[in-house]
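> One structure, as structure tokens, below. Some questions next.
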Amino acid sequence: MTFTPTHLDGCFIIEPNVIKDSRGYFMESFNLERFEKGTGFKVNFVQDNQSFSTKGVLRGLHYQTGTFAQAKLVRVLEGEVLDVAVDIRPESKTYGQYVSVVLSAQNHKQLFIPRGFAHGFLVLSDTATFFYKCDNLYNKESEGGIMYNDPAIDINWEMDASNLIISDKDLLLPNLENSKKIW
């Protein structure tokens, strides 16, 4: 596995070694020892989540607050998405900045997002199956979110806004300045 740090402290793009032959491929998608050595983070993933979406679906930007904050390891099992993580750690020198990476079933890339980040993704292919591990259980009362088009963050979603499919709940999310504080 290759661990490439992003410009946001703690976020890593992870690329597994994919062994291909005439039968298909094999890859190790997660190995705790390699993960902790490659990222420097100790994790205990306790929940796996999976979603299926169609082209143009934008989910996010979501996070959990307080003792329910979550680190996530995200990947795509089918299709292609633009995955985005926003640093919302108030003490961070990259507060309000984001990283985006295309994750797909073909490139097998993963993104590790530590606690203190908002997360969202946009489906670029006709459909996509998105999978992620969390190091903390979901808690409804600890939900937080930021509007996908907050001008202070200025995310380039790489798709015209008229083609986006966004839930009513996500359309009502506040901007970063007015969002629930992570800690």
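Values in this text are rule-based calculations from the coordinates and carry no lab data. Please read these numbers as outputs of a predicted model, since none were measured by experiment. Here the Cβ is made from the backbone with ideal geometry for all residues, glycine too, and neighbour counts use every protein chain on show.
> Can you go through Asp160, Asp83 and tell me which one is more than 23 Å from Thr4 (Cβ to Cβ) and either free of Cβ contacts under 8 Å to residues at least 24 places away in the same chain or buried (at least 19 other Cβ atoms within 10 Å of the Cβ) (or both)?
Going through Asp160, Asp83 in turn, the sole match is Asp160.
> Now, a different point. Would you check which residues across the range 133-150 are part of a loop (DSSP other than H, G, I, E, B) and not acidic (Asp, Glu) and list them?
Asn136, Leu137, Tyr138, Asn139, Ile146, Met147, Tyr148, Asn149
> Let me ask something else. What do you reckon, is Gly79 touching a strand residue (DSSP E or B) at 6+ places or on another chain (Cβ under 9 Å) and closer than 25 Å to Pro151 by Cβ?
When the stated conditions are applied, Gly79 does not pass them.
> Within the range 19-36, track down each residue that is surrounded by 12 or more Cβ atoms within 10 Å (Cβ to Cβ) and either of a type in the set (S, T, N, Q) or touching a strand residue (DSSP E or B) at 6+ places or on another chain (Cβ under 9 Å) (or both).
Correct list: Met27, Ser29, Phe30, Asn31, Arg34, Phe35.
> While we're here: Only one of (1) under 17 Å from Gln110 (Cβ atoms); (2) in contact with a Leu (Cβ under 8 Å, 6 or more places away or on another chain) is not met by Leu61, so which one is it?
Condition not satisfied by Leu61: (1).
> Hey, can you tell me all the residues within the range 162-173 that are closer than 25 Å to Gln50 by Cα and either in contact with a Cys (Cβ under 9 Å, 6 or more places away or on another chain) or not in a strand (DSSP E or B) (or both)?
Asn163, Leu164, Ile166, Ser167, Asp168, Lys169, Asp170, Leu171, Leu172, Leu173
> Okay, next question. Within the range 1-18, which residues are in a strand (DSSP E or B) and either in contact (Cβ under 8 Å) with a residue 12 or more places away in the chain or exposed (fewer than 14 other Cβ atoms within 10 Å of the Cβ) (or both)?
Once the filter is applied, which keeps residues that are in a strand (DSSP E or B) and either in contact (Cβ under 8 Å) with a residue 12 or more places away in the chain or exposed (fewer than 14 other Cβ atoms within 10 Å of the Cβ) (or both), the range 1-18 yields Thr2, Phe3, Thr4, Phe12, Ile13, Ile14, Glu15, Val18.
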